[in-house]
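J.: Following this message is one structure expressed as structure tokens.
The values are calculated or read from the model by the stated rules, or taken from the named source; none is laboratory data. Fair warning: this is a prediction, and the values are worked out from it, not measured in the lab. Cβ: placed from backbone, ideal geometry, glycine included. Neighbour counts: every protein chain shown. Ligands, DNA and RNA are excluded from the accessible area calculation, which covers all protein heavy atoms including side chains. Shrake-Rupley method; radii C 1.70, N 1.55, O 1.52, S 1.80 Å.
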Amino acid sequence: MSKADNMLSILWLLQTGKRLTAKQLAEALEMNIRTVYRYIDALCASGVPIVADSGHNGGYSLLQPFTDAPLLFDLNEQKSLIHAAVFAQEAGYPFGEDLDRAIAKLKRYTNEEQRGAIERHSRGFDVILPPANPLLASMLQELEISVANEHTLIVDYQKNFHTEYQTRQIDPYGLVHWKATWYVVAFCHLRRDIRSFRVDRIGNMTRTDSTFQRPAMFSARQYFLSSLLSDADRQEKPISIKIIGRKQALNDLCGHWFLGRTLVERTHEEAHFQLDEQLVHTHVPHILLPFGKAIRVQEPSFLKDRLAAIAADLLHYYQST
């Protein structure tokens, strides 16, 4: 480990509140005792209030005010970080090895009581997402670094999985993970506008010597969501959709990534949405069909007719094949 990691390790061990000798610190960290003395001196020089007590029960300890510093995490904070790491790993977080080391360090340099509690809360806490593509890790790492350092990139991009790649010069503004897929939101020099690009459709990628400046207060998340909902945002005369049904079905319907953003009112037995009429003809029926008889459209009447027509068409299709 680096000098900084070793010094932090000593700090974590002392944070448990126990008085530890240089020999105990050396054995715990598998280092020479003289190295421990040097690191203790360096920590004291940097302002860490380490107290050295001599005698039979002597050793090193920290002053109480420092052990309560917000830099050190309590049990709930440690637990939340470990749970969040489970989500990140399942989503294909590109810095997985670094995350594993951080969590291992968090578990190692805490007291036994907290460590036991963390293990208890970690058991039975699992996340299942569609399998992440491990081949994207290195590309996501490069994109994250380029976003942070504002480096312009040259990428070969395969639009809509066409057979040929098109070379693009982009300024990456941010990464977005949506529905098990990674996207990079970037300014495209070819289109002279901001676009979102699926990372799994990027072939070769090269970092250039050019840099850019991200627009002030720009949010890749907000841009991405607004692009998904752009048709709904432009609605001029929204119409009402009222649906009744089973409680759980309505819960799922109101939690839908698209319909949930158009919810106007929700009661125990009914959900009221407002959308542009064109979307009600095109998108909404295909969202509602999987709910089957668990829901019933109250209005508009043309939506009921549209659902019936789609169901009838499917029936005819499968009966004729």
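J.: Could you calculate the contour length gain from His256 to Asp98, that is, 0.36 nm times the residue separation minus the distance between their Cα atoms, to one decimal place in nm?
T.: 53.5 nm
J.: May I ask for the distance between the Cα centers of segment 279-321 and segment 188-208, given as a whole number of Å?
T.: About 38 Å separates the Cα centre of segment 279-321 from the one of segment 188-208.
J.: Further question: Throw me the Rg/Rh for segment 1-160, computed over C-alpha atoms with Kirkwood Rh, two decimals.
T.: Using Cα coordinates only, the ratio equals 1.09.
J.: Now for a separate question. Using the Karplus equation 6.51 cos²θ - 1.76 cosθ + 1.60 (θ = phi - 60°), what ³J(HN,Hα) coupling, rounded to whole Hz, does each residue of segment 127-140 give in order, writing x for Gly and Pro?
T.: So the Karplus estimates, Gly and Pro as x, are 10, 10, 10, x, x, 7, 7, x, 6, 7, 4, 5, 5, 5 Hz.
J.: Related question: How large, in Å, is segment 200-321 by the Kirkwood hydrodynamic radius built from its alpha-carbon pairs?
T.: Computed over Cα pairs of segment 200-321, the Kirkwood hydrodynamic radius comes out at 17.2 Å.
J.: Here is a follow-up. Just the accessible area per residue of segment 143-278, please: how many Å² with a 1.4 Å probe? Could you put the intermediate results ahead of the total?
T.: Working: 7990 Å² over 136 residues.
Using a 1.4 Å probe on heavy atoms only, each residue of segment 143-278 averages 59 Å².
J.: Keeping the other protein chains in place, figure out the carbon and sulfur percent of the accessible area of segment 131-192, with a 1.4 Å probe.
T.: 51
J.: So, one more: As I understand it, the value is the acute angle between the Cα axis of helix 3-15 and the longest principal axis of the Cα atoms of the chain; what does it come to in degrees, rounded to 10?
T.: Value to nearest ten degrees: 80.
J.: Which residue fluctuates the most in the chain, going by a Gaussian network model with Cα springs under 10 Å, if the choices are Leu307, Leu153, Leu14?
T.: Top of the fluctuation ranking is Leu307.
J.: Let me ask you something else. Among residues other than Phe273 whose Cβ falls under 10 Å from its Cβ, what is the net charge (Lys/Arg +1, Asp/Glu -1)? Each step should come with its number before you reach the end.
T.: Numbers: positive: Lys242, Arg261, Arg266; negative: Glu265.
Here the count lands on +2.
J.: Taking the Cα atoms only, what angle lies between the long axis of helix 112-122 and the longest principal axis of the chain, rounded to 10 degrees?
T.: 20
J.: For Thr152, what residues show an amide H to amide H distance below 5 Å, using hydrogens built from the backbone and excluding near sequence neighbours?
T.: The answer is Thr208, Ser210, Thr211, Phe212.
J.: Still on this structure, please answer the following. Quick one: ranking Glu97, Glu270 by accessible area, 1.4 Å probe, largest first, what do you get?
T.: Glu97, Glu270
J.: Follow-up question, since we're still on this one. Spin-label point model (7 Å from Cα, Cβ direction): what's the Glu270 to Glu150 distance in nm?
T.: About 5.3 nm, to one decimal.
J.: Okay, next question. What length, rounded to one decimal in nm, is gained on full extension from Ala45 through to Phe218, with 0.36 nm per residue of separation minus their alpha-carbon distance?
T.: 58.2 nm
J.: Separation between the Leu8 and Leu307 pseudo-spin-labels, each 7 Å from Cα along Cα→Cβ, expressed in nm?
T.: 5.4
J.: Over the Cα atoms of segment 77-124, how large are the radius of gyration and the largest Cα-Cα distance (Dmax), in Å?
T.: 10.8, 32
J.: Right, here's the next one. Just to be sure I understand the curve: with the Debye formula and one point per C-alpha of segment 159-208, what is log10 I(q)/I(0) at q = 0.20, 0.30 Å⁻¹?
T.: Cα-only, vacuum Debye calculation for segment 159-208: -0.72, -1.36.
J.: Using helices alone, I'd like the mean residue ellipticity at 222 nm for the chain: each DSSP H run of four-plus residues gives -39500 (n - 2.57), total over residue count, nearest 500.
T.: -13000 deg cm²/dmol
J.: Turning to a different aspect of this structure: With springs only between Cα atoms under 10 Å apart, run a GNM on the chain and tell me which of Phe224, Phe95, Phe273 wobbles the most.
T.: The residue that fluctuates most here is Phe273.
J.: For the chain, place one equal point scatterer on every Cα, skip the solvent, and apply the Debye formula. What is log10 of I(q)/I(0) at q = 0.09, 0.14 Å⁻¹?
T.: -0.77, -1.17
J.: For segment 70-171, what percent of Cα pairs sit more than 24 Å apart? Write out the running numbers ahead of the final one.
T.: Details: 2232 of 5151 pairs.
Counting pairs separated by more than 24 Å, the tail of P(r) holds 43 percent.
J.: Using the Karplus curve 6.51 cos²θ - 1.76 cosθ + 1.60 with θ = phi - 60°, what ³J(HN,Hα) values do you get for each residue of segment 48-58, in whole Hz, with x for Gly and Pro?
T.: So the Karplus estimates, Gly and Pro as x, are 6, x, 8, 9, 10, 9, 8, x, 4, 9, x Hz.
J.: When the Karplus curve 6.51 cos²θ - 1.76 cosθ + 1.60 is applied with θ = phi - 60°, which whole-Hz ³J(HN,Hα) does each residue of segment 179-190 get, with x for Gly and Pro?
T.: The phi angles translate into 6, 6, 10, 8, 10, 10, 8, 8, 7, 8, 5, 6 Hz.
J.: Now, a different point. Round to the nearest 0.05 the FRET efficiency obtained for Val86 and His286 when R0 = 35 Å and r is the Cβ-Cβ distance.
T.: Here the calculated transfer efficiency is 0.60.
J.: Two decimals is fine: what's Rg over Rh for segment 128-263, C-alpha atoms, Kirkwood radius as Rh?
T.: Rg divided by Rh gives 1.06.
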